[in-house]
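Step one of this worksheet: look at the structure below.
What follows draws every value from the coordinates through simple rules; no lab data is involved. None of the values given here were measured: they were computed from a predicted structure. We place every Cβ from the backbone using ideal geometry, glycine too, and count neighbours over all the protein chains shown.
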Amino acid sequence: MSLFEGLSIANRGLAASQMALNVTGQNISNANTVGYSRKKLELSADYRADGEFGQMGFGVDVNMIQRVRNVFLDRQLSSQITSKAYTEEKDAALERIENIHQEPSDKGIASSMDDFWNAWSDLANNPGDKSSREVLASSAQVMVDRFHYTSDEIRSYKLSINDQILDNTTQINDLASKISEMNKTIVASEGLDGQKANDSRDIRDTLLQKLADITDITAVEDASGAVTVTTAGSMLVTPNKAIKLETVRVTVTEPDGFKYPNYTVRFEGAENPLEPKNGRLKALMDIRDKIIPSYENELNGMVSSLVKEVNAVHSTGYSLNHLTGIDFFDGTKLTASNISLSAAVQSDSNNIAASQGGTIKSISGQVIPSDAANVLDLPSINPAYRDLAVGSVKVMDQATGRVLEEGAEKDYVMDTELGRIKIMNTTTYPAGTNFVVDFHYNTTGFSGTGDGNNALAISTIRDKKTMDPDINGVNSHTVSEYFSGYIGRLGVERNQASSELDTQTALVEQLQGQQDSISGVNLDEEMANLIRYQQTYQASAKYMTTIGNMLDVLMKI
């Protein structure tokens, strides 16, 4: 080997040490950069064949700058990040629902229901007391308002999820577009000389992890270095492009008639919606379409039972105005969002039926002629036909079939207690006209202001099993027990979600720790490398100086 070949070896040594120092400096500079993978220089001994001596050393050769990364760990980490995001979103949702209910507390539904039942018990003891009636009406309204508040807050939260779904869809499109751009950069860089586009790969891996947080993905790399990303079985990123998602607005109608927009996600131009299997987007859809509706349905079922049970007893009793057949709640409003006191109770607490009546019976098609005073006297047909249920009377002209209208300035007025109907429209309906009357009447009359038996009967509904029928159709829980179970289920599901989140967080941290131990920058190790490469650089420089001195001696001979 000639002295000039020695200069070449020295030069290669200097270049390799210089590059190694640069790689070390890059590692040190990015020690705190998220997603950065440690780089290392791959070197090999260069040689040439020699006929006399065999292989002759020709210095060091720089093969490539290699990114230190465990692909298998990346795949595991991506999967666990997706599961953690789903559980995290679910845990946050259940916490939000818990906070809305504020149970147990004196501001919750359970407390307001207790006050409602207690007010009925107090009224049973003082049925003629105006203040007891006002307290009951007030307690009932507080309970109604609490149902409204809970329902409105849950519904508001459900509607807000649409905005999060829109935001997540935008993020997916943005990340997919950036991954596609990184594909192009990596393919272009690595196709030139076969070297690895290490920093671009780091960026792409970081983007893939961010995408995995939102939705389930599978990333497969081809021979050119580009990755194909699929979600829910469909391609999101191909080696050449990103396929965009879009949101579609669908109108949903609630049982109470409330309409609101729901957003579904699909690939642009596709007919079927995207159905993610995991991740934050899947969690949001499940929260909006499954978890929240399940609690709404249970709450509405409880309200419906409460309204029907109270009305069934209340309508058989008598008010201080001697009226029967009055509903306490509006029987057409059976959900937590629209439950309401009846118009009669709202207008006058004297319409609360605290006194007990008999059985309501229905009469249809009773033909009655008006007397000389143009009055339909129902008790004259049957003495029991009195104490008519409010709203149950229908008067029809037998000859024409026309239904008469109630009112002093219309066709007739009515005394429900005495069972008498006075015809006011004497021009159209003179005395002696035959009428067909439908009505409900109570088999016993008003028992006086001191009777609180109907209020007592309503107060006992608290202990009546009206919810959760078993396989034989027998109800197994009271309203209060049902609501306690409802809150209990919420607590159990929240605790389960929190436990799952802790587990998923630990798994992600463990995998991240393993990956960091491989790909992360160890400053102690890098400082040792810095000293080592500095010394090899100095040694190569010394070797070059020595060869140069030898050449000087040779040239002077």
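Here, P(r) means the percent of Cα pairs in each 5 Å bin from 0 to the largest distance; for the stretch 448-514 it is 4, 14, 11, 12, 10, 10, 9, 7, 7, 5, 5, 3, 2, 1, 1, 1, 0.
Computed from backbone phi with θ = phi - 60° and the Karplus coefficients 6.51, -1.76 and 1.60, the 3J(HN,Hα) list for the stretch 403-409 is 8, 7, 9, 7, x, 4, 9 Hz; x is used for glycine and proline. As a rough footprinting exposure proxy, the listed residues L245, L490, L523 were ranked by other beta carbons within 10 Å of their own, and the order from fewest upward is L523, L490, L245.
For the stretch 514-555 and the stretch 115-155, compute the distance between their C-alpha centroids and round to whole Å. After rounding, the separation between the Cα centres reads 86 Å.
Applying the Karplus relation 6.51 cos²θ - 1.76 cosθ + 1.60 with θ = phi - 60° to the stretch 248-257 yields 3J(HN,Hα) values of 10, 8, 10, 8, 10, 10, 7, x, 8, x Hz, where x marks Gly and Pro. Stokes-Einstein at 37 °C, 0.692 mPa s, Kirkwood radius from Cα pairs: D for the chain in µm² s⁻¹? Result for D is 104 µm²/s. Using θ = phi - 60° in the Karplus curve 6.51 cos²θ - 1.76 cosθ + 1.60, the 3J(HN,Hα) couplings for the stretch 104-118 round to x, 6, 7, 9, x, 5, 4, 5, 5, 5, 4, 4, 5, 5, 4 Hz; x is entered for Gly and Pro.
For the pair D371 and H477 in one chain, pulling the backbone fully straight at 0.36 nm per residue adds 32.8 nm over the alpha carbon distance.
Going by a ≥ b ≥ c, the root eigenvalues of the Cα gyration tensor, does the stretch 54-162 fall in the rounded group (a/c under 1.5), the prolate group (a/b larger than b/c) or the oblate group?
Since a/c reaches 1.5 and a/b is larger than b/c, the shape of the stretch 54-162 is classed as prolate.
Distances between placed amide hydrogens fall under 5 Å for T444 paired with G358, T359, all partners being 5 or more residues away or on another chain. By the count of other C-beta atoms within 10 Å, a proxy for reagent exposure, T536, T400 are ordered fewest to most as T400, T536.
Evaluated on the stretch 401-557, the Kirkwood hydrodynamic radius is 28.0 Å, with distances taken between all distinct Cα atoms.
Between V60 and G13, D46, the built amide H atoms are under 5 Å apart, and every one of these is 5 or more places off in sequence or on another chain. Label positions at V71 and A539, each projected 7 Å from the Cα along the C-beta direction, are separated by 3.5 nm. Show log10 I(q)/I(0) for the stretch 223-288 at q = 0.12, 0.26 Å⁻¹, two decimals, from a solvent-free Debye sum over equal Cα scatterers. Taken in order of the listed q values, log10 I(q)/I(0) reads -0.42, -1.19.
In this simple spin-label model, placing a label point 7 Å from the Cα along the Cα-to-Cβ direction at both S304 and D415 gives a separation of 4.3 nm. Which whole number in µm²/s is D for the stretch 489-557 by Stokes-Einstein, with the Kirkwood Rh taken over Cα pairs at 4 °C and 1.567 mPa s? Using the Kirkwood radius from Cα pairs, D works out to 74 µm²/s. Contact order for the stretch 1-160, expressed relative to its length and based on alpha carbon pairs under 8 Å spaced 6+ residues apart, stands at 15 percent.
Which value in Å does the Kirkwood hydrodynamic radius of the stretch 1-101 take, with 1/r averaged over all unlike C-alpha pairs and then inverted?
18.5
With neighbours defined as other Cβ atoms within 10 Å of a residue's Cβ, the residues V265, V403 order from fewest to most as V403, V265. The stretch 402-472 has equivalent-ellipsoid semi-axes of 40, 18, 11 Å, by the square roots of 5 times the alpha carbon gyration tensor eigenvalues, sorted largest first. When you restrict to C-alpha pairs under 8 Å that are six or more residues apart and normalise by the size of the chain, the relative contact order lands at 19 percent. Close amide H contacts of V390 (hydrogens built in the peptide plane, cut-off under 5 Å, sequence separation of 5 or more or a different chain): T324, G325, I326.
Evaluated at q = 0.14 Å⁻¹, the base-10 log of the normalised Debye intensity for the stretch 187-329, with identical point scatterers placed on the Cα atoms, takes the values -0.84. Between the alpha-carbon centres of the stretch 289-363 and the stretch 414-484 there is a gap of 11 Å.
Eigenvalues of the alpha-carbon gyration tensor of the stretch 360-442, scaled by 5 and square-rooted, set the equivalent ellipsoid semi-axes at 19, 12, 12 angstrom, largest first. Using a simple spin-label model with pseudo-atoms 7 Å out from Cα toward Cβ, D256 and D167 lie 2.7 nm apart. Calculated FRET efficiency, N495 to A223, Cβ-Cβ distance, R0 = 51 Å: about 0.55 to the nearest 0.05.
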